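Every number here is computed from the coordinates shown, using simple stated rules; none is lab data. The shown structure was predicted, so the numbers you read here are calculated from the model rather than taken from an experiment. Cβ coordinates were reconstructed from backbone atoms using ideal geometry, including for glycine residues, and neighbour counts include every protein chain displayed.
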Amino acid sequence: MSKVSIIEVKNLDELKKFVRFPMDLYKNNPYYVPSFIKDEFKIWDKKENPALNYSEARQYLALKDNKVVGRIAVIINHKEEQELGIRKVRFGWIDFMDDKEVSTALIQKAIDYAKENNIDKIEGPMGFTNLDKAGMLTMGFDKLATMIGIYNHEYYPKHLEELGLTKEKEWVEYEMNFPKVLPEKVEKFSGLIAQKYKLKVLNFKSKQEILPFVEPMFKLLDETYKHLSTYTPISDEQIQTYREKYFPFIDKNYVICVVDENNELVSFAITMPSYSKALQKSKGKLFPFGWWHFLQAGKKNDRANFYLIGIHPEYQRRGVTAIIFKEIFVRFTSMGIDFAETNPELEENKSVQVLWQDYNPVNHKRRRTYSLMIN
């Protein structure tokens, strides 16, 4: 029987194999949505990924009979240790054949890396920061993945649990049929709240008008989620990176900003038409023909994804969500959106989950990170 060998990614050819492995693994899977190949390469380039300025990272391939059968990346985020006092090895980009020998070898590599750095804990799958993809799918294997979610085979969590890893953090995702009629209390309170606190919704005439609000949106994210156990502040360099990565896909009609009488941002919601099928058809490439599929998905789509929602703590219990959802209702109705899907939300984050309670949400996906203490 052939033995599994683990090699560190050291050159471009090996990095190509690392990036493309999941596309081969999920070649005939109807639910898997590939990442942008170009963006995956940028992740490991210090000039493109500011997180590498304060993190250490390595990538590994698992080989069997000279064929790639698995991959894993290991990361130490020094900023996390400095600001939160959390010292651990993050592991991510983990994919493997249904072969216990392969998964064992990959996790052992993460353990070895932790020992080399005198760290006694590993956790994953997760990326460098809070805005990177995180969480292994544990429910919803028969649901189409989103552009910002991880998809994995059902055997993945079973392998990790058999290796002694246990649940660390859990995320939930919801799907809802978008209502044909706005709930009465939303209709009623949206106007009252806007009047009471002198709030208004901005109507952008072009994408360029959104740009001045990009940085305030990320700062508001910090205010919204800084109480969560996993959250680390977003750096200015990261804001620039995410702006460059996602701004091309933003439609002005899917961005809602609520400001006060001084034009200060108090709440926002970024949604997008679902690009999952477009990514599948384009196979992770915008060129030469992938852009056409994205163009069509933006023009005609009955499904939308919630990506980011931020509400200043001072307004979280003042009914501002009624204003946001009234505006979302008006826009989604005009665009023919019938279904909406949330992004992953920490199970403990009840303040966000309550946003969907009037829309009969169905918890259709769950995901978690797994951890292991090293003796």
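So the values come out like this:
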quantity	calculated
Relative packing of 235-243, 32-40, which averages over residues the other C-beta atoms within 10 Å, highest first	32-40, 235-243
Using θ = phi - 60° and Karplus 6.51 cos²θ - 1.76 cosθ + 1.60, couplings along the stretch 262-273 (whole Hz; Gly, Pro as x)	9, 6, 8, 5, 10, 6, 7, 9, 10, 10, 8, x
Over the chain: helical MRE at 222 nm, DSSP H runs n ≥ 4 each giving -39500 (n - 2.57), nearest 500	-10000 deg cm²/dmol
GNM flexibility winner over the chain from Ser334, Ser267, Ser55 (Cα, springs under 10 Å)	Ser334
Out-of-range pairs (alpha-carbon distance over 27 Å; input Lys281/Lys350; Lys88/Lys226; Lys133/Lys277; Lys188/Lys226; Lys143/Lys167; Lys180/Lys219)	Lys281/Lys350; Lys188/Lys226; Lys180/Lys219
Selection from Thr342, Leu295, Leu308, by position along the positive dipole direction of the stretch 239-366 (Cβ)	Leu295
Summed residue charge, Cβ within 14 Å of Lys17's Cβ, Lys/Arg positive, Asp/Glu negative	0
Radius of gyration and Dmax over the Cα atoms of the stretch 174-270, both given in Å	15.5, 43
Degrees separating the helix 320-335 axis from the principal Cα axis of the chain, which is the longest one	90
Net length gained if the chain between Asp39 and Phe249 were fully extended (0.36 nm per residue, minus Cα distance)	74.2 nm
Sequence-separation-based contact order of the chain, relative, with Cα cut under 8 Å and 6+ spacing, percent	23
Nearest-0.05 FRET efficiency for Lys277 and Asn360, computed from C-beta distance (R0 30 Å)	0.75
Simple label model, 7 Å out from Cα along Cβ direction - Leu84 to Ser206, nm	4.0
Rounded FRET efficiency, nearest 0.05, which uses the C-beta distance separating Asn66 from His227 and R0 of 41 Å	0.25
Val330-Gln195 FRET efficiency (beta carbon distance; Förster radius 22 Å; 0.05 resolution)	0.80
Tilt relative to the chain, helix 100-116 - C-alpha long axis, 0 to 90 degrees, to 10	80
Farthest toward positive dipole pole in the stretch 7-171 [+1 Lys/Arg, -1 Asp/Glu at C-beta], among Asn66, Trp44, Asn28	Trp44
Choice from Val255, Val214, Val172 with maximal GNM fluctuation in the chain (Cα, 10 Å cutoff)	Val214
Listed residues Phe332, Phe294, Phe213, most fluctuating in the chain (Gaussian network, C-alpha, under 10 Å)	Phe213
The stretch 7-171: relative contact order as a whole-number percent, Cα under 8 Å and 6+ apart	20
Amide proton proximity set for Leu308, modelled H, under 5 Å, gap of 5+	Ile270
Cα centroid separation - the stretch 118-165 against the stretch 259-310, whole Å	23
Matching label, semi-axes √(5λ) of the Cα gyration tensor in Å computed from the structure shown, candidates (i) 28, 27, 23; (ii) 30, 26, 19; (iii) 37, 23, 20	(iii)
For peptides 204-212, 345-353, sequence by mean Cβ density within 10 Å, most packed first	345-353, 204-212
Given charges at beta-carbon only (K, R positive; D, E negative), |dipole| of the stretch 179-337 in Debye	780
Dipole axis of the chain (+1 Lys, Arg; -1 Asp, Glu on Cβ), positive-most option in Ser274, Ser5, Ile324	Ser274
Cα-centred dipole magnitude for the stretch 7-171, charges only on beta-carbon of K, R (+1) and D, E (-1), debye, nearest 20	320
Cα-centre dipole for the chain with unit charges at Cβ (Lys and Arg positive, Asp and Glu negative), debye to 20	860
Dimensions (Å) - the stretch 7-171, Cα atoms, principal axes, largest first	43, 34, 33
Degrees between helix 12-25 axis and first principal axis of the chain (Cα, 0 to 90, nearest 10)	70
